[in-house]
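J.: Attaching a single structure in structure tokens format; questions to follow.
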Amino acid sequence: MTGTAIVTGATGGIGDAVTKRLTSEGFRVIAVGTRRAALDDLCERYGCEGIAVDIGDAVSVEAALAGLTADVLVHGAGILGPNLPIHKTPAETIAGLIAVNLTGLFNVLRAVVPGMVERQRGSIVLLGSICGNVPGAGPGAYSATKAAMQSVAANLRFELQETPVRVGEIRLGRVRTGIHNQLDMDADFYDGYECILPEDVAATISHMLATPSAVDLSIVEMLPTRQVVGGTRFSKS
């Protein structure tokens, strides 16, 4: 499968790897992010097209993506926030998580899915997390947004059941992206652990897109081999 692919969160570790992979496979990639300079660098390296937009702003998303016909949407945009208990998470942090991780998700889907339905063609891959259904696997407020993404994926799949548009969700374990910086944690978050690499996620997405059109890999739980299913335990190598 080739065509036009929209990748959100494209300047992050996973987004960068996905953009690189899809462009190498012949996709026209529209890279979406908030950092204009980083997008320009991405476009120079991979030959993609960049759109700088705050996905939490519905009007801006509609304007930025208007007229684009997407065959693929890989939605990886999101923020993690600090590693705080729910009852100690500041109101502004929660508002930011909801604006990007939830409102942003709805805004992007509203801009992209109708065109897929009209053309009767499309594959959607949402990048989620095991913390959406495993208590303690991530910060509580962030985990709640990922639980909501699981619900969005399931309901979207149900709503599109009479179309050939596919909806897949990858529930990720620990990926070596540097995201621990948002958690205010040191390098021990990675040191000694054989984590998933961004390139591994990109390869999995490539496989999901390459399956026959009648096959939907609807839920993929992708963990390091030493991270127990569910994600609560992870042994060092």
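J.: Just a yes or no: is a residue in the stretch 99-113 over 20 Å from the mean Cα position of the chain (by Cα) and more than 25 Å from T204 (Cβ to Cβ)? Can you show your working first?
T.: Of the residues in the stretch 99-113, the ones over 20 Å from the mean Cα position of the chain (by Cα) are none.
Checked against the condition, which is being over 20 Å from the mean Cα position of the chain (by Cα) and more than 25 Å from T204 (Cβ to Cβ), the stretch 99-113 yields no hits at all.
J.: Now for a separate question. Can you work out which of the residues in the stretch 45-92 that are open to solvent by less than 20 Å² (accessible area, probe 1.4 Å) and at pLDDT below 95 is nearest to the chain's Cα centre (by Cα)?
T.: Checking each candidate, the answer is L80.
J.: If you don't mind, another one. Any idea which residue in the stretch 191-237 is modelled with the lowest pLDDT, counting only those that are hydrophobic (A, V, I, L, M, F, W, C), open to solvent by 30 Å² or more (accessible area, probe 1.4 Å) and more than 21 Å from A154 (Cβ to Cβ)?
T.: Of everything passing the filter in the stretch 191-237, F234 is modelled with the lowest pLDDT.
J.: Just to be sure, is T145 out of contact with any strand residue (DSSP E or B) (no Cβ under 8 Å at 6 or more places or on another chain), buried (at least 22 other Cβ atoms within 10 Å of the Cβ) and either modelled with pLDDT of 95 or more or among the basic types (K, R) (or both)? Explain how you work it out, then say what you get.
T.: Numbers: out of contact with any strand residue (DSSP E or B) (no Cβ under 8 Å at 6 or more places or on another chain): yes; buried (at least 22 other Cβ atoms within 10 Å of the Cβ): yes; either modelled with pLDDT of 95 or more or among the basic types (K, R) (or both): yes.
Answer is yes for this residue.
J.: Applying the selection to the stretch 201-222, what residues are touching a residue at least 60 places away in the same chain (Cβ under 8 Å) and part of a helix (DSSP H, G or I)?
T.: Listed by number, the residues that qualify are V201, A202, A203, I205, S206, M208, L209, A210.
J.: Something else: Using beta carbons and a limit of 6 Å, which pairs, at least six apart or on different chains, have the first residue in the stretch 6-29 and on the phi > 0 side of the Ramachandran plot and the second one not in a helix (DSSP H, G or I)?
T.: Matching pairs, first to second residue: G9/G76; G9/A77; G26/T2.
J.: For the stretch 29-41, indicate whether the set of residues that are farther than 17 Å from G104 by Cβ and open to solvent by less than 60 Å² (accessible area, probe 1.4 Å) is non-empty.
T.: We begin by selecting, within the stretch 29-41, every residue farther than 17 Å from G104 by Cβ; these are 29, 36-38, 40-41.
Among the residues that remain, those that are also open to solvent by less than 60 Å² (accessible area, probe 1.4 Å) are: 29, 38.
Yes, the stretch 29-41 contains a residue that is farther than 17 Å from G104 by Cβ and open to solvent by less than 60 Å² (accessible area, probe 1.4 Å).
The values are calculated or read from the model by the stated rules, or taken from the named source; none is laboratory data. Not measured: the values here are computed from a predicted model. Every residue, glycine as well, gets a Cβ built from its backbone with ideal geometry; the counts of neighbours run over all protein chains shown. The protein model used for the area step is the full one, side chains on, heavy atoms only, and it has no ligands, DNA or RNA in it. Shrake-Rupley method; radii C 1.70, N 1.55, O 1.52, S 1.80 Å.
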